[in-house]
Each structure stands twice: as structure tokens, then as C-alpha cells.
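Student: Before we start, here is the structure in question, set down as C-alpha cells.
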Amino acid sequence: MEQKLSVIMASDVVGYSRLMGIDERGTLSALKRHRQELLDVKIALHHGRIIKLIGDGMLTEFRTAEEAVLCAVDIQREMRMRNADVPPGRRIEFRIGINIGDILFEDDDVYGDGVNVASRIETIAKPGGIAVSASMRDTLGNRLNIGFEDAGEQALKNIERPLRIFNVILDDGETPQRERAPASASAAPSASIQNDQVVESNRTILYVSRFSNLSGDPDQEYFAAGIAEDVVAALSRFSRLNVIVQPPRLEPGRAGSTPYYILEGSIRRLGSRVRVNASLTNVLRENIWAEKYDFDLVDVFAIQDELAQSIPAALNVKIEEAERQRVLAKPATALRAYDLYLRGKHLQHSRRPEDAGIAKDMFLAAIADDPSYPRPYLGLAWLELVKLKWNESVDIDTALATAFTWASKALQLNPTESDAHHALGVIHLWRGEAERAIGCYDRARELAPYNCDLLAEYCDALGYLGRLEDAIRIGEMAVRLNPSRPDWYLWDIAASKYLSGDYLGALSLLEKMTEPGPAYRLLAATYAQLGRLEEARRAASELLKINPDFSIERYTSRAPYRDKALLARYVEGLRLAGLPE
């Protein structure tokens, strides 16, 4: 028997028996569709786990109160859109109850007071509504900027004591405007396609078709289905994607201004090997990306794990590239928040001051268009952090304070935004707050484990903190998973190789960079440690051309090395290269 404290969400369909009496087949079909397209996706997005299905209802376990409530809000708000054109008497509406308490797992079933209370709370929730226990309300506080209505103490069936219950307020009609603040981006109405109408959103729609089994072997059906499920779960963690498990109902050219993409795949067994093909197309069915993967059919679960990393990582990169190109082709006058953000991000890592200024204008314009959209705030935070890392003349305290303000605002709007935790990790690192930095990075990785830029940045952070083997391993994972990796991935890995004394390994990576830029600093030190002093001085000269304010003293006073012996090794190389003190 296993027992643990968890957040439990209970849900069922209002008037299910009545709906089945009216149209049994139609009701079952609609419920299945809502579960596959909405509930399963939102639960995966918010890191929930379905622990029991009970007819028209289910029990779901979450790690945190925030994730459970944000998931429930997402579900109920989207169900309102789905029901907009359905006659009132035929609508499927969910009731949701959420509680914190003990769960007991035994004999493939779940028990416990926490489960019982959640189930009873669900029975008194309003149709299309969410009810939570007082313990949930106290745990959440005001962190999510979601309103609650005190429903008072309620006597629940088979629960000895009355419990105080709160209803979650889902729209402005339920509470005065002054009591509400913008909900998180996760809780905002997500993009969906209903009845051939596109609902605008700040997230891209990705349809995932079930992978086809081309093996002629029915036993491989479970393998194909498992790959699709794992890929969907991983993709759902990217907060800018709405992942839907089915092909789209729209015909090419009827997508309006909301972009969407389609992932399709197939499985074919070839003797003792298996080939998996995956492809990504846009709304016009133009090919964006395709890849084939060949494996020895030894460990099926290892194959699924590998694909659940590789495919989402590649798609995250390729969809962002496609979205950026789409936006760059648009006239500026036609841009809204999402497009303005993407155009700003295109210039975010530029080292030219004029590009940074344009990016800042784009992010500010996106905020003006939609103040509740968190990613432009992150764009502003990263502009400060990019300046900090690549320009020693920037005032470090001012840059960190400004970045912290913008990143904190993004986190307030969406507590499950991986990039917000990522940015805060960088800020804490450069403030010398190592443990807080690692906590932020780890939380970011929980939310988006296959975000390649995050992995590469984590490699950089671990190098500064002296965890060199971990840094190299994670950096190499980022390179492997990103089919379009930028040069700075190599720089981050090379830095840890240099610090570990592997100067040849560092050099082999640095010489693959097409535009070393600030990496000339590391290249100069590496050549110097290898005794190639003429090349070291040339690299030092290139560094001073792009960063004339560089000095060893300024660099050492800012760089967040935890182990000063590692910093001393770097400084030794810089001095040998002839860089100014």
C-alpha cells in the first residue's frame, strides 16, 4: 500500500444519465472527444495524472494546488466555448471539485479521505464550475489572481464534519471588476477550432495525429499509440503550444490568421529493427520538418523515451522558426501581441544596439496590445540579461534589477511559464545566489524538459557553479536535440571543457563556431593554454574590436564563478593571451 499527500481533482458530467437517455451514442462520442482533445491535453500540460476513471467521471492527481486550479480553469473556460453553439439541453458540462489530502493506492485502486472529500465537493460544484476546499483556498492565497466566492460551510454526504467550500470565479460577471486581476496565461482561453471558426490566441495550435502502424503486425499498435501519447505529453509542456490529439477539421487556406501545424508519423517494423517517421506540415500542408529514426528492437520503452525527447525538441525549434518567418513576412501594421513578441524575439540576441532597441519597442507594443500575455515581459527581461552576459560595460546591478522586475511580472501572469523560471535562474546565478538559481533552473526543466535553449543555458550555469561533468552532459544533450543549434550552445560546452582542463576538447568546439563574437574571449584563453600564443593574440584582438571595454579585472568582478580556482584557470589563459588587466 502506498500513501501520500496530493492535490486531487474530481470531475464528472452534469446530468449524464439524462443526456444518455436523449442520445446515448452522441453523448458517448462527444464525451470521448472532449476527453481526448481537452481534458487529456490540459491535464498533461499542468502535470496532472489521471488515477481513476469512473464512468463519466475521473480522479486526477496534481503536484501543486496551482497546477490543479489552473488546469480546472482552462478546462471550464474552453468548455464554454465548445458549448457556445450547442442547445442548452444537449450540452456536456463538467463539475469539478478540488481538495488537498491523502491518497491510498492499493490493488490498482485509490482510496483515502482526500479522495472522498474531493468527490463530495465535486457533487456540489455548479454546472460548468469549480469548487475547492478551504485548505485549497488557503494554500493558493492570492498568487494566481483568481477570484473566489465563499460558499460557507457545507454538509457533505458521508463526511462527518461540515466543510467550508469556495467557488472559483471564472468570469467578470460573477464578481465586481475591481476584485479581479488578469489570470495567468495558462488560464486564459486557449486557442481552439470549433465549428470551423478560429478563436484567436497567443498560442500556436499543433494537431498530433495518431502514428500509423505500417508493420502489418497488430501487436505494434500499442507501440504506435504509446509514442503518440508520450510525444503529446512532452509537447503539452511548451506553454506557447495548444496541443490537440486529432487531425484538424479545417481545410487548407481556411485557418484565418491563427497559425496551426500538424504532426504525423508512422511506425514500420523491419525484422529486428523498427523505423519511425515523423513529419511536420503547416496549415497549407507545406513541409516544415521531417525525420526518420531507426532503432534495434531490443527495449521498446527505451525507444519511446528517446522519441519522446527528440521529436518534441525538434518541433519546438522548427515551429518557432516557421512562426518567426511567417511574422517577418507580415506588414508591421498587421501585427498583434503574439506576432509582435515573435518579431522582437527575432532580434533579441542581436549584439547591435539598434536591433535591441527595435526588439524592446516590439515587446512594449505587444504588452500594450495584450497586458495579460506574459512572454513580452520575458522578452524585456532577456534583453537585459543578454546585455549583461555579452557587454562588460553594462551596470550589473541595474540590469539584474530590471530583468528581475520583468521576469517576476511574467511569472505572476503565468506561474507555470518555464521561461520565467529560466530567466529568474539566470538572475539568481549572476547575483551569486547559487541554490536559488539551481531551484529555478530545475523548476523550468520540470515544466519544459526538452527546451533546448534552456538546456544550453543550464549547461552555462552549471559550468559557473563548478559542476563540469553535469554541464557537459546537459550541453551535449541540447546539441543532440536541437537540429538547428546556434553557435552559443558550443561555447557553453567548450567553457566547461576548458575549466576541466580539456583544452583540445574546448578548441574543437570553438572552431566549429561560424561567428565566435564574445566567445573570442574563451578562444583566446584556450589557444594560450595550448601554447598557440600567436593565435591567442589574434583572438584577443578580435574580442577587443567587438568589446573595447573588456578588462580582466572587470570580467573577474562580475562573472559568477562559485569556485575561485576555476576562475583563476580562466584568468591565467586570458593573461597569457595578452588581454588588458
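The values are calculated or read from the model by the stated rules, or taken from the named source; none is laboratory data. None of the values given here were measured: they were computed from a predicted structure. Counting neighbours? That spans all protein chains shown, and the Cβs are built from the backbone with ideal geometry, glycine included. Each accessible area value is taken on the protein alone, full model and side chains, heavy atoms only, with ligands, DNA and RNA left out. Shrake-Rupley method; radii C 1.70, N 1.55, O 1.52, S 1.80 Å.
Student: Collect the residues in the range 302-318 that are closer than 14 Å to ASN277 by Cα and of a type in the set (A, V, I, L, M), keeping them in residue-number order.
Tutor: Listed by number, the residues that qualify are ILE303, LEU307, ALA308, ILE311, ALA314, LEU315.
Student: Filter the range 94-111 for residues that are of a type in the set (D, E, K, R) and buried (at least 21 other Cβ atoms within 10 Å of the Cβ) and give the result.
Tutor: ARG95
Student: Any residue that is within 22 Å of ARG562 (Cβ to Cβ) and in contact with an Asp or Glu (Cβ under 6 Å, 6 or more places away or on another chain) - is there at least one of those in the range 435-457?
Tutor: So far as the range 435-457 goes, yes, one or more of its residues are within 22 Å of ARG562 (Cβ to Cβ) and in contact with an Asp or Glu (Cβ under 6 Å, 6 or more places away or on another chain).
Student: Counting just the residues of the range 112-163 that are in contact with a Lys or Arg (Cβ under 8 Å, 6 or more places away or on another chain) and at positive phi, which one comes out surrounded by the fewest Cβ atoms within 10 Å (Cβ to Cβ)?
Tutor: ASN158
A quick yes/no check of all residues on (1) modelled with pLDDT of 90 or more; (2) over 24 Å from ILE43 (Cβ atoms); (3) in contact with a Pro (Cβ under 8 Å, 6 or more places away or on another chain); (4) among the small types (Gly, Ala, Ser):
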| position | (1), (2), (3), (4) |
| --- | --- |
| THR402 | yes, yes, no, no |
| THR416 | no, no, no, no |
| TRP430 | yes, yes, yes, no |
| ALA437 | yes, yes, no, yes |
| ARG443 | no, no, no, no |
| GLU457 | yes, yes, no, no |
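Student: If I ask for residues that are more than 28 Å from GLU323 (Cβ to Cβ) and surrounded by 14 or more Cβ atoms within 10 Å (Cβ to Cβ), which ones from the range 278-303 would you list?
Tutor: PHE295, LEU297, VAL300, ILE303
Student: Something else about it: Out of the residues in the range 482-526 meeting the condition of being of a type in the set (D, E, K, R) and under 24 Å from the mean Cα position of the chain (by Cα), tell me which one is nearest to TYR464 (Cα to Cα).
Tutor: Going through the range 482-526, the residues of a type in the set (D, E, K, R) turn out to be 485, 487, 492, 497, 502, 511-512, 515, 521.
Pick out the ones that are also under 24 Å from the mean Cα position of the chain (by Cα) and you get 485, 487, 492.
On the way: ARG485: 21, ASP487: 19, ASP492: 10 Å.
Here the residue is ASP492.
Student: Related question: Take the residues in the range 304-334 that are without any contact (Cβ under 8 Å) to a residue 60 or more places away in the chain and touching a Phe, Trp or Tyr at 6+ places or on another chain (Cβ under 9 Å), then tell me which one is most open to solvent (accessible area, probe 1.4 Å).
Tutor: Looking at the filtered set, the residue picked out is GLU306.
Student: Residues of the range 499-548 being closer than 24 Å to PRO353 by Cβ, assigned to a loop (DSSP other than H, G, I, E, B), of a type outside the set (D, E, K, R) and in contact (Cβ under 8 Å) with a residue 24 or more places away in the chain, which ones?
Tutor: Of everything in the range 499-548, those that are closer than 24 Å to PRO353 by Cβ, assigned to a loop (DSSP other than H, G, I, E, B), of a type outside the set (D, E, K, R) and in contact (Cβ under 8 Å) with a residue 24 or more places away in the chain turn out to be MET513, THR514, PRO516, ASN547.
Student: Find all pairs meeting these conditions: Cβ atoms under 7 angstrom apart; at least six residues apart or on different chains; first residue within the range 133-158 and more than 20 Å from LEU411 (Cα to Cα); second residue among the small types (Gly, Ala, Ser) and part of a helix (DSSP H, G or I).
Tutor: From residues that are more than 20 Å from LEU411 (Cα to Cα), the pairs are MET136/ALA65.
Student: Within the range 532-558, can you find the residues that are surrounded by 15 or more Cβ atoms within 10 Å (Cβ to Cβ) and in contact with a Ser or Thr (Cβ under 7 Å, 6 or more places away or on another chain)?
Tutor: Hits for the range 532-558: nothing passes.
Student: Using the structure shown, decide if LYS292 is at pLDDT 80 or above, in contact with a Phe, Trp or Tyr (Cβ under 6 Å, 6 or more places away or on another chain) and among the charged types (D, E, K, R).
Tutor: no
Student: Starting from the range 275-292, take each residue that is outside any strand (DSSP E or B) and list its partners that are of a type in the set (A, V, I, L, M, F, W, C), counting only C-beta distances under 7 angstrom and pairs at least six apart or across chains.
Tutor: Listed by first residue and then by second, the contacts come to VAL283/ALA255.
Student: Another question, if that's okay. Go through the range 514-531 residue by residue and tally those that are at pLDDT 90 or above and either under 24 Å from ILE319 (Cβ atoms) or open to solvent by 10 Å² or more (accessible area, probe 1.4 Å) (or both).
Tutor: 7
Student: Looking at (1) at pLDDT below 95; (2) open to solvent by 30 Å² or more (accessible area, probe 1.4 Å), which is the one condition that is false for LYS497?
Tutor: Just one mismatch for LYS497, condition (1).
Student: Additional query: Can SER350 be described as part of a loop (DSSP other than H, G, I, E, B) and either closer than 23 Å to GLU286 by Cα or modelled with pLDDT under 85 (or both)?
Tutor: yes
Student: Oh, and also: How about the range 307-342: which of its residues are among the small types (Gly, Ala, Ser), more than 24 Å from PHE211 (Cα to Cα) and either modelled with pLDDT of 80 or more or assigned to a helix (DSSP H, G or I) (or both)? Let's see the steps before the verdict.
Tutor: Going through the range 307-342, the residues among the small types (Gly, Ala, Ser) turn out to be 308, 310, 313-314, 322, 329, 332, 334, 337.
Still in the running and more than 24 Å from PHE211 (Cα to Cα): 329, 332, 334, 337.
If the condition is that a residue be among the small types (Gly, Ala, Ser), more than 24 Å from PHE211 (Cα to Cα) and either modelled with pLDDT of 80 or more or assigned to a helix (DSSP H, G or I) (or both), then ALA332, ALA334, ALA337 are the ones that fit.
Student: Conditions first: (1) under 13 Å from the mean Cα position of the chain (by Cα); (2) modelled with pLDDT of 90 or more. ASN451 passes all but one, so which condition is the exception?
Tutor: Going through (1) under 13 Å from the mean Cα position of the chain (by Cα); (2) modelled with pLDDT of 90 or more one by one, ASN451 breaks only (2).
Student: Counting residues that are touching a strand residue (DSSP E or B) at 6+ places or on another chain (Cβ under 9 Å) and among the hydroxyl-bearing types (Ser, Thr, Tyr), which strands (runs of 3 or more DSSP E) fully inside the range 1-98 reach at least 1?
Tutor: 2-13, 57-62
Student: Still on this structure: Please go through the range 42-58 and give me each residue that is open to solvent by 10 Å² or more (accessible area, probe 1.4 Å) and either among the hydrophobic types (A, V, I, L, M, F, W, C) or at pLDDT 90 or above (or both), ordered by number.
Tutor: ALA44, LEU45, ILE50, ILE51, LEU53, ILE54
Student: Got at least one residue in the range 565-575 being open to solvent by 80 Å² or more (accessible area, probe 1.4 Å), farther than 17 Å from GLU392 by Cβ and in a helix (DSSP H, G or I)?
Tutor: There is at least one residue in the range 565-575 that is open to solvent by 80 Å² or more (accessible area, probe 1.4 Å), farther than 17 Å from GLU392 by Cβ and in a helix (DSSP H, G or I).
Student: Please pick out the residue among VAL386, VAL394 that is under 16 Å from PHE363 (Cβ atoms) and either in contact with a Pro (Cβ under 8 Å, 6 or more places away or on another chain) or not basic (Lys, Arg) (or both).
Tutor: Answer to the selection: VAL386.
Student: Within the range 547-577, track down each residue that is charged (D, E, K, R) and farther than 15 Å from LEU523 by Cα.
Tutor: ASP549, GLU553, ARG554, ARG558, ARG562, ASP563, LYS564
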